[in-house]
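A.B. asks: The structure is given below, and queries will be raised subsequently.
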Amino acid sequence: MDQFLINVLFVGASFALYFGIAIWARAGSTKEFYVAGGGVHPVANGMATAADWMSAASFISMAGLLAAGGYANSSFLMGWTGGYVLLAMLLAPYLRKFGKFTVPDFIGDRFYSKTARLVAVACLIVASVTYVIGQMAGAGIAFSRFLEVDKDTGLVIASVVVFFYAVLGGMKGITYTQVAQYVVLIIAYTIPAIFISMELTGNPIPALGLFGDHVESGMPLLAKLDQLVIDLGFAAYTADVPNKLNMVLFTLTLMIGTAGLPHVIIRFFTVPKVADARWSAGWALIFIALLYLTAPAVASMARLNLINTVYPNGVQAESIKYDERPDWMKTWEETKLITFEDKNGDGRIQFYNGKADMSDRGWNGNELTYNRDILVLANPEIAQLPGWVIGLIAAGGLAAALSTAAGLLLAISSAISHDLIKKSINPDISEKGELMAARASMTVAITVATYLGMNPPGFAAQVVALAFGIAAASIFPVLMMGIFSKRINNKGAVAGMLSGLIITLVYIFMYKGWFFIPGTANLPDNPDNWILGISPLSFGAIGAIINFTVAFVVSSATEEPPQEIQDLVESVRYPKGAGAAVDH
Amino acid sequence: MVDDKSKAVAYWQANVRLIIGSLVVWAIASYGLGILLRPMLAGISVGGTDLGFWFAQQGSILTFIGIIFHYAWRMNKLDRDMGLEE
């Protein structure tokens, strides 16, 4: 069967499944729309959280990042999983006990301040919008490559699908589609990895194959890979990093940021009890780990396969002729994600670290450049797997992008309809009116996200800096202090959030350009100019420390929070007894 | 709200102690063994590389899962023992 037909079949079947769920899981009340009625089983919520969390970046880009950076990029693995430990112990159970619908809701009530609520809404919207554009763009790429429609058409199809189940079902529809999407994406990620691991190491479990022996050479896989990349002038795959401070701060920023991202936090509002919120965080991490333990194996094996493709007789021998390149390279050249330029005019592909001097071999610069995303997308083709595996990858990439997009859109729309409209502008709005406002906000959010996906602004590429920086520097500290301290008051919280946020943004803008406008950066964005070698991507952790410190100092100098607020803090700490959500 | 003040205080202190202990393990597995202490583990070889690399790419994640389930189990038990469960 034609590859295009196979792809359409796989993607079509997965979409039909999502539509079916959407019709089954319609939301009838705001509680169903915002938190799926609070009746989701902890294991199901764990699965939905995993799909919510694992975006196009995890599915498509992470293995490519790891393949390019080797050990140095392990920060992504530790950072994007370690946040769940913080979430499980420091936030999720208490916020579940609090029992309201949104993250700004807790901040607004706990710090008895409209300003705090609005700052939280602003942080939430900026972080989530930045994040959602990446998902829409990821869905667009998957469509254009696998379904042969152009990127914008692909984006519109993706939006219509999300619109259908997100607007109809709210959190309820999103939850059960996310469960289905998790199953699709984990199968799609694992199957090619198993084939490749079998081929290279003889071990069917990729995570074990990574530390196993390379069948062909009999050497350990990682030792073989180290040897190949060193011969091609790259740094060793397993090489240590020179700046440990930056690696620690970057990992910490990703961890705190993960725990502070509203679309992840609100997933824990959907389980029935506090005890379930604790279990559910563990299940979420197990489901996430199934992909995250496989990703580093995919990364090293894909890099090895790519090198072997270009140098079929070993890196010391001649590389392949451009005319004899494999078919997958031709397919991906059409998308411009792989490009070749014959710099020394010998008709062969020289692929190595262009900064290394290889003139003794007659090489005149690296001739093959590739977008690192293709390592996952083209992996089945590079490893010569059957056509249906490629169809799976297409459905899986879309599942990863759509599930995260839907979670983010819900976080955005509930902040607008609940925190802005119901809690700030029109407190008298009826239950029915609020549900309608929630659906309308969702519609607007999807439309805006689609537009921005088609015309990505400068900040879209800065998801890690902006979304994780904001979540780490503003949202996480204020939530944690709200639970673990009775003394932090409204003034301290607002001052802490604003100072953490502003200093983090200034540090990012100094190197990345003010509001990411090209040419407005004050300093070149490279390690020589970073203060103490701290990258703008790693600064969120510093912003969090500033937030904690300022909030503590300002609160100590001003009056204690009123008694009813101290009682509220007490009530979220103990699972027993009514939460604050009785008025819903 | 909890009626018995001293029980409530004991519960919260036990929770905070458990969290601090868990965070120490969390930090050692990732920032310690995975990053800062990696040069000291260079002698311990794991599948073609060293133990620090394994912790950075797999060991830390497995440790995190263990920490969360241990915390959930201990706290849910504490809830029941103190009669504070929902």
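A.B. asks: By count of other Cβ within 10 Å, fewest leading, how are A:LEU398, A:LEU420 ordered? Don't skip to the answer; put the middle values down first.
C.D. replies: Working: A:LEU398 31, A:LEU420 18.
So the ranking, lowest neighbour count to highest, is A:LEU420, A:LEU398.
A.B. asks: Quick query: amide H of A:ARG348 versus all other amide H atoms, modeled in the peptide plane; which residues come in under 5 Å with a sequence gap of 5 or more or a different chain?
C.D. replies: A:TYR322
A.B. asks: Per residue Cα convex hull volume for the protein assembly as shown, in cubic angstrom? Can you show the working numbers first?
C.D. replies: Numbers: hull volume 101.7 nm³, N = 670.
Enclosed volume per residue, from the Cα hull, is 152 Å³.
A.B. asks: Would you mind ranking A:TRP530, A:TRP53 by Cβ crowding within 10 Å, fewest neighbours first?
C.D. replies: On the way: A:TRP530 20, A:TRP53 28.
Fewest-to-most ranking of A:TRP530, A:TRP53: A:TRP530, A:TRP53.
A.B. asks: Return the whole-Å distance between the Cα centroid of segment A:1-37 and the Cα centroid of segment A:369-417.
C.D. replies: 15 Å
A.B. asks: Give me the distance in nm between label points sitting 7 Å out from Cα along the Cα-to-Cβ direction at A:ASP360 and A:LYS330, one decimal.
C.D. replies: In this crude label model, A:ASP360 to A:LYS330 measures out at 3.7 nm.
A.B. asks: On to the next question. On the principal axes of its Cα set, how long, how wide and how thick is segment A:317-379? Give whole Å, largest value first.
C.D. replies: Principal axes ranked by extent give 35, 23, 19 Å for the Cα atoms.
A.B. asks: As I understand it, the value is the acute angle between the Cα axis of helix B:5-27 and the longest principal axis of the Cα atoms of chain B; what does it come to in degrees, rounded to 10?
C.D. replies: With both axes taken from Cα atoms, the answer is about 10 degrees.
A.B. asks: Between segment A:216-270 and segment A:92-153, how many Å separate their Cα centres?
C.D. replies: Cα centroid to Cα centroid, the span is 25 Å.
A.B. asks: Starting from the Cα of A:ILE230, step 7 Å along the direction of its Cβ; do the same at A:VAL215; then give the gap between the two resulting points in nm.
C.D. replies: Using points 7 Å along Cα→Cβ, the separation is 2.6 nm.
A.B. asks: Per residue and in Å³, how big is the convex hull formed by the alpha-carbon atoms of segment B:13-81? Spell out each step's value before the answer.
C.D. replies: On the way: hull volume 5.1 nm³, N = 69.
In segment B:13-81, the Cα hull volume divided by residue count equals 74 Å³.
A.B. asks: Still on this structure, please answer the following. How much FRET efficiency would the formula 1/(1 + (r/R0)^6) give for B:TRP12 and A:GLU431, where r is the Cβ-Cβ distance and R0 is 41 Å, rounded to 0.05?
C.D. replies: Details: r = 35 Å, r/R0 = 0.86.
FRET efficiency, B:TRP12 to A:GLU431: 0.70.
A.B. asks: Extent of segment A:398-455 along each principal axis, from alpha carbon coordinates, in Å, largest to smallest?
C.D. replies: Here the Cα extents, ordered largest to smallest, are 39, 22, 15 Å.
A.B. asks: Would you order A:HIS214, A:HIS41 from fewest to most other beta-carbon atoms within 10 Å of each residue's own beta-carbon? Before the final figure, lay out the partial values.
C.D. replies: Details: A:HIS214 20, A:HIS41 17.
Least to most surrounded, the residues fall as A:HIS41, A:HIS214.
A.B. asks: Taking 0.36 nm per residue of separation and subtracting the Cα-Cα distance, what length does fully extending A:SER485 through A:ASP152 add? Don't jump to the answer; show the numbers that get you there.
C.D. replies: Values: separation 333, 0.36 × 333 = 119.88 nm, distance 4.83 nm.
Gain in length upon complete extension: 115.0 nm.
A.B. asks: Here's a follow-up. Based on Cβ point charges of +1 for Lys and Arg and -1 for Asp and Glu, what charge dipole magnitude is obtained for the protein assembly as shown about its Cα centre, in debye rounded to the nearest 20?
C.D. replies: Working: 43 positive and 48 negative charges, 381 e Å.
For the protein assembly as shown, the charge dipole is close to 1820 debye.
A.B. asks: Hey, with R₀ at 51 Å, roughly what FRET efficiency would B:ASP4 and A:TRP24 work out to, going by the Cβ-Cβ distance, to 0.05? Kindly include the intermediate steps, with their values, before the conclusion.
C.D. replies: Values: r = 45 Å, r/R0 = 0.89.
Computed FRET efficiency for B:ASP4 and A:TRP24: 0.65.
A.B. asks: Could you tell me what fraction of 2.2 N^0.38 Å the Cα radius of gyration of segment A:327-443 comes to, as a two-decimal ratio?
C.D. replies: Normalised Rg, Cα atoms only: 1.86.
A.B. asks: Tell me which DSSP H helices of chain A clear both cut-offs, 30 Å or more of axial length from alpha-carbon atoms and a mean Kyte-Doolittle hydropathy of at least -0.5. Mind showing how you got there, number by number?
C.D. replies: Working: long enough: A:3-24 (32 Å, 1.78); A:114-146 (47 Å, 1.30); A:151-201 (47 Å, 1.30); A:387-414 (41 Å, 1.75); A:431-454 (35 Å, 0.62); A:490-512 (32 Å, 1.17).
TM-like helix candidates: A:3-24, A:114-146, A:151-201, A:387-414, A:431-454, A:490-512.
A.B. asks: Can you tell me how segment A:95-137 classifies by the Cα gyration tensor, rounded, prolate or oblate, using a/c under 1.5 as the rounded cut?
C.D. replies: Details: a/c = 5.09, a/b = 1.82, b/c = 2.80.
Cα axes put segment A:95-137 in the oblate bin.
A.B. asks: Just from its helices, what would the mean residue ellipticity at 222 nm be for the protein assembly as shown, if runs of 4 or more DSSP H residues each count -39500 (n - 2.57) and the sum is divided by every residue, rounded to the nearest 500 deg cm²/dmol? Walk me through the intermediate numbers first.
C.D. replies: Values: 27 runs with 409 residues, N = 670.
That comes out to -20000 deg cm²/dmol.
Taken together, the values in this text are just the output of simple stated rules run on the coordinates, not laboratory data. Here the structure is a predicted model, which means the values were calculated and not measured. Using ideal geometry, Cβ is built from the backbone for each residue, glycine included, and neighbour counts are taken over all protein chains shown.
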